[in-house]
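The values are calculated or read from the model by the stated rules, or taken from the named source; none is laboratory data. All of these numbers come straight from a predicted model, not from anything done at the bench. No Cβ is skipped: glycine too gets one built from the backbone with ideal geometry, and neighbour counts run over all protein chains shown.
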Amino acid sequence: MIVPYQQDDALLLDVAAADARDEHVRLWWLGQSGFLVQFDGAHLLFDPYLSDSLTIKYANTDKPHVRMTERVIDPARLDFIDVVTSSHTHTDHLDAETLGPLRHANPGVGLVIPAVNRAFVADRLGVDPGWPVGVSIGEQVEVGPFRIEAVPAAHEALDPQYVGYVVRCGAWTLYHSGDTVRYDGMADVLRPHAIDVALLPINGRAPERRVAGNLDAHEAALLGRDIGARAVIPCHYEMFTFNTADPAAFVAACQACGQRGDVLRCGEQWSSASL
């Protein structure tokens, strides 16, 4: 089992100590596609999965979700969150056992979702359908210093139930792709956003494992280059044994195409001061 670089008390201390309010954005990889973003005293969570719900659900089946990395933090301890995103309804991006404790710890937290997923989200989480903020492609919502815009994603095919998010905070622009493969015109859609850091999956496609498609390491590096991202941080690996990737392949692909790639360990901090 992989032990996070920082977890529990150490992670919380690092988040608190990093809150310098110096116009830089900081983020921590929480495993799978989850990231904690900090800017100007506010905090956003991209697609957190902080439970063992999938491991329990698929135990003793032909598709076991054997965990590779220890949980980085109990979601109930994240009591300073302003807004959470869900890019689509797969459980590792919309987990009731993560979002329930988060909402209890943060009664005023916002949840941003694809607009077409509202009924599904309300049913899974057992919440009033009016609570989640639904955004369609090209629409924006502002929460504190974060301006969040939905952009297309293709988890095999383009569909409004799958989105990525472009988030602007001060002078910085982040792109969280959600689960996606590269689609025609994708770079043209994203390049005008002047993305500073792109958070991209690298686990690729595996039809024999019945895994829906994502960018692989080479594709993530090339997409980062083609959209002009100043840095790419890989994700969606080292969570489940049946659906992972080697980040060394991503590093090699970045070196080959001239793209900066910053690999984080689970629980590790990244800062825009490094750009």
How many residues are over 8 Å from the mean Cα position of the chain (by Cα) and without any contact (Cβ under 8 Å) to a residue 60 or more places away in the chain if we restrict to the range 42-51? 3
Any residue that is touching a Leu at 6+ places or on another chain (Cβ under 9 Å) and either among the small types (Gly, Ala, Ser) or surrounded by fewer than 19 Cβ atoms within 10 Å (Cβ to Cβ) (or both) - is there at least one of those in the range 53-67? yes
Looking only at the range 163-190, which residues are closer than 22 Å to GLU219 by Cα, over 13 Å from the mean Cα position of the chain (by Cα) and of a type outside the set (Asp, Glu)? THR173, VAL181, ARG182, TYR183, GLY185, MET186, ALA187, VAL189, LEU190
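Quick check, is ALA16 in contact with a Lys or Arg (Cβ under 9 Å, 6 or more places away or on another chain), surrounded by fewer than 16 Cβ atoms within 10 Å (Cβ to Cβ) and small (Gly, Ala, Ser)?
Working: in contact with a Lys or Arg (Cβ under 9 Å, 6 or more places away or on another chain): no; surrounded by fewer than 16 Cβ atoms within 10 Å (Cβ to Cβ): yes; small (Gly, Ala, Ser): yes.
When the stated conditions are applied, ALA16 does not pass them.
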Given (1) among the hydrophobic types (A, V, I, L, M, F, W, C); (2) touching a His at 6+ places or on another chain (Cβ under 6 Å); (3) modelled with pLDDT under 95, number of the condition VAL166 does not satisfy: (3)
Of all residues making up the range 246-275, the number that are under 26 Å from HIS65 (Cβ atoms) and within 16 Å of the chain's Cα centre (by Cα): 6
Within the range 7-40, considering residues that are over 18 Å from the mean Cα position of the chain (by Cα) and not charged (D, E, K, R), the one farthest from ASP92 (Cα to Cα): ALA20
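In the range 16-50, which residue that is over 21 Å from MET239 (Cβ atoms) and aliphatic (A, V, I, L, M) is modelled with the lowest pLDDT?
Checked the range 16-50; the qualifying residue modelled with the lowest pLDDT is ALA20.
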Of the residues that sit in the range 56-98 and are among the polar types (S, T, N, Q) and modelled with pLDDT under 95, which one is farthest from ASN117 (Cα to Cα)? ASN60
When every residue in the range 36-91 that is out of contact with any strand residue (DSSP E or B) (no Cβ under 8 Å at 6 or more places or on another chain), of a type in the set (Gly, Ala, Ser) and not in a loop (DSSP other than H, G, I, E, B) is compared, the one nearest to LEU111 (Cα to Cα) is ALA76
Return a yes/no flag: does the range 215-223 have any residue that is part of a strand (DSSP E or B), under 19 Å from HIS155 (Cβ atoms) and hydrophobic (A, V, I, L, M, F, W, C). no
In the range 117-173, what residues are over 22 Å from HIS24 (Cα atoms), surrounded by 16 or more Cβ atoms within 10 Å (Cβ to Cβ) and in contact with an Asp or Glu (Cβ under 8 Å, 6 or more places away or on another chain)? ALA122, VAL135, ALA150, ALA153, HIS155, TYR162
Filtered residue count, the range 228-245, keeping only those that are farther than 18 Å from THR69 by Cβ and surrounded by fewer than 23 Cβ atoms within 10 Å (Cβ to Cβ): 3
If you check ALA194 against the conditions, is it at positive phi and aliphatic (A, V, I, L, M)? yes
Counted residues in the range 1-41 being more than 20 Å from LEU99 (Cβ to Cβ) and either without any contact (Cβ under 8 Å) to a residue 12 or more places away in the chain or not polar (S, T, N, Q) (or both) come to 23
